[in-house]
1. Which residues, taken from segment 62-111, are more than 14 Å from the ligand (Cβ to nearest atom), surrounded by fewer than 19 Cβ atoms within 10 Å (Cβ to Cβ), in a loop (DSSP other than H, G, I, E, B) and of a type in the set (A, V, I, L, M)?
2. Keeping to segment 44-61, report how many residues are within 13 Å of the ligand (Cβ to nearest atom) and surrounded by fewer than 21 Cβ atoms within 10 Å (Cβ to Cβ).
3. Quick one: is Gly130 under 30 Å from Ser66 (Cα atoms), assigned to a loop (DSSP other than H, G, I, E, B) and touching a residue at least 12 places away in the same chain (Cβ under 8 Å)?
4. If you go through segment 418-427 one residue at a time, do you hit one that is over 24 Å from Leu61 (Cα atoms), assigned to a loop (DSSP other than H, G, I, E, B) and not assigned by TED's automatic domain parsing to the domain that holds Glu322?
5. Looking at (1) assigned by TED's automatic domain parsing to the domain that holds Ala270; (2) within 16 Å of the ligand (Cβ to nearest atom); (3) not hydroxyl-bearing (Ser, Thr, Tyr), which is the only condition Leu239 fails?
6. When segment 400-416 is examined, which residues are found to be in contact (Cβ under 8 Å) with a residue 24 or more places away in the chain, surrounded by fewer than 20 Cβ atoms within 10 Å (Cβ to Cβ) and within 16 Å of the ligand (Cβ to nearest atom)?
7. Just give me the residues in segment 117-153 being of a type in the set (Val, Ile, Thr) and within 12 Å of the ligand (Cβ to nearest atom), in sequence order.
8. Name the residues in segment 158-171 that are within 13 Å of the ligand (Cβ to nearest atom) and either within 21 Å of Cys443 (Cβ to Cβ) or in the same structural domain as Ser66 (by TED's automatic domain parsing) (or both), would you?
Amino acid sequence: MSAATVTVARVTDTSLSDLAPGALVRPGDEGWDAARAFHSGIGEPTVIVRAATVDDVRAALRYAASERLDVMVRGGGHSAWGAIPGGLTLDLAALDGVRIDGDVVHVGGGATWGAVARTLSAHGLGISSGDTASVGVGGLTLGGGIGWMVRAWGLAADQLVGAQLVTARGEVLEANEQSHADLLWALRGGGGNFGVVTRFDFRAHPLTAVVFATLGVEGDARPVLQTLRDTMADAPRDLTVTYMDIPAMDPNAPAGATITAAWIGDDEDAARAALAPLLALEGITETELGVRAYPDILMDMPAADPDQPMPGFLGGNTLLRELGDDAIDRLVAFREANAASVLFLRSLGGAYGDVPQEATAFPGRSATWFAMAGAFDVPGLVHDGNRPLIQAEWDAIEALGEGLYGNFTPSTDPGLVSRMYSADTMARLAQIKRQYDPLNLFCRNHNVVPA
Ligand SMILES: Cc1cc2nc3c(=O)[nH]c(=O)nc-3n(C[C@H](O)[C@H](O)[C@H](O)COP(=O)(O)OP(=O)(O)OC[C@H]3O[C@@H](n4cnc5c(N)ncnc54)[C@H](O)[C@@H]3O)c2cc1C
């Protein structure tokens, strides 16, 4: 946020005195280090406000504007860009309520998916969210949200039917199809650009159980991925699969490739039938196939050790219209060429593709696969001269796709943002940004600059 643009937002009430004790945390305060930690590192904000109410959020925004501090909104704290120094971190973790009203679930802006899944499950309901319990509803939904049920129910953002949002000016708005529909459109994939969402409203789906399968993969990945692709082309949308090939992370997490599959309901035979072409392949082993409660398929992923920062990542992600043989060859070759690298694929299509491109801000609705690959940039493993080559290999893969998924990017670099959205979507987002955040108070994200 430039100093020149801030002045319009200056307000006289800069008091944070109404906040609960401990809600305001500054460097040197007790608990500072814990308060500034996020999933993959340690932030260096100027000040942290832990908001527990909508009024706390408003007070924090007034304060940020008066002190000319950029605002970093923290939902579940899993994004990779929590370490940008300076500014006011607005921590929403205390806004974690989950309340069910028929088939609509109202979720606080700082809730995590594990809590949502547990509450929904007790009512025989589910939402397609993410794969990990501690990931925030906020960041995942606003960026899109590709989860275990994406082929059955679409993105997390597709299930968003309304939101309560505090704007940069401190107004509290309700966005839904009847009111501020433009804002609802932007919140479905446009990121945290438009204000602080204090409540998300999702349409939930009946869900009693999930058949969850893990298949071990050995040998050449190419024929396996071809069969996986062909299987998913005709598979019922109840089935969503992930392919993941990882290096050894530590002695308890050995290297290896797996296919995981989630099937809506408790019909093991139907799930096994849908996976039959894969199970018939040499090199595939059925490690697990059984019925689980939805909350139990969400993974626990411990936060990074602040003393051992995550290495850099050479690679990226892309939404692929087709997983052609060429894409498979390039992805597998990338993984094979880089010992410390990951390859991740998630099937799309189904309900994800039913949503017209222009109906939400999310890119790549024609995609049938999401792909991500990256080499960990560990000194000694990656030599300086190889970095451009590795990145060039990835760039050639990304060129096969039709958009970048912002939630899996390592930074908020403007170069990434311009690859996330089409020119039309970017222009529409910029118009909406101008309406709701003309001074770009919310710029610590994949930033849409106001038109
Ligand atoms: C272990 C792990 C597993 C993951 N699994 C998946 C997955 O299965 N599917 C998937 O699609 N993605 C997944 N992701 C990516 C994830 O969607 C992003 O990291 C996302 O940004 C996390 O949201 P958060 O609220 O936890 O993060 P935060 O860092 O808190 O928020 C990210 C950004 O979202 C905005 N924001 C958050 N909450 C609000 C709010 N209430 N109001 C306004 N703005 C807000 C802010 O701009 C903030 O910078 C995963 C990430 C990790 C680390």
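The values are calculated or read from the model by the stated rules, or taken from the named source; none is laboratory data. Just so you know, these numbers come straight off a predicted model, no measurement behind them. Neighbour counts run over all protein chains shown; Cβ positions are idealised from the backbone, glycine included.
1. Correct list: empty.
2. 1
3. no
4. Within segment 418-427, the first condition is being over 24 Å from Leu61 (Cα atoms), and the residues that meet it are 418-427.
When the remaining residues are screened for being assigned to a loop (DSSP other than H, G, I, E, B), the result is 421-422.
Filter once more, keeping what is not assigned by TED's automatic domain parsing to the domain that holds Glu322: 421-422.
Within segment 418-427, one or more residues are over 24 Å from Leu61 (Cα atoms), assigned to a loop (DSSP other than H, G, I, E, B) and not assigned by TED's automatic domain parsing to the domain that holds Glu322.
5. It is condition (2) that Leu239 fails.
6. First, the residues of segment 400-416 that are in contact (Cβ under 8 Å) with a residue 24 or more places away in the chain: 400-412, 414, 416.
Still in the list and also surrounded by fewer than 20 Cβ atoms within 10 Å (Cβ to Cβ): 400, 402, 408, 410-412, 414, 416.
Hits for segment 400-416 are Phe408, Pro410, Ser411, Thr412, Pro414, Leu416.
7. Just the residues of segment 117-153 that are of a type in the set (Val, Ile, Thr), to begin with: 119, 127, 132, 135, 137, 141, 146, 150.
Correct list: Thr132, Val135, Val137, Thr141, Ile146, Val150.
8. Ala163, Leu165, Val166, Thr167, Ala168
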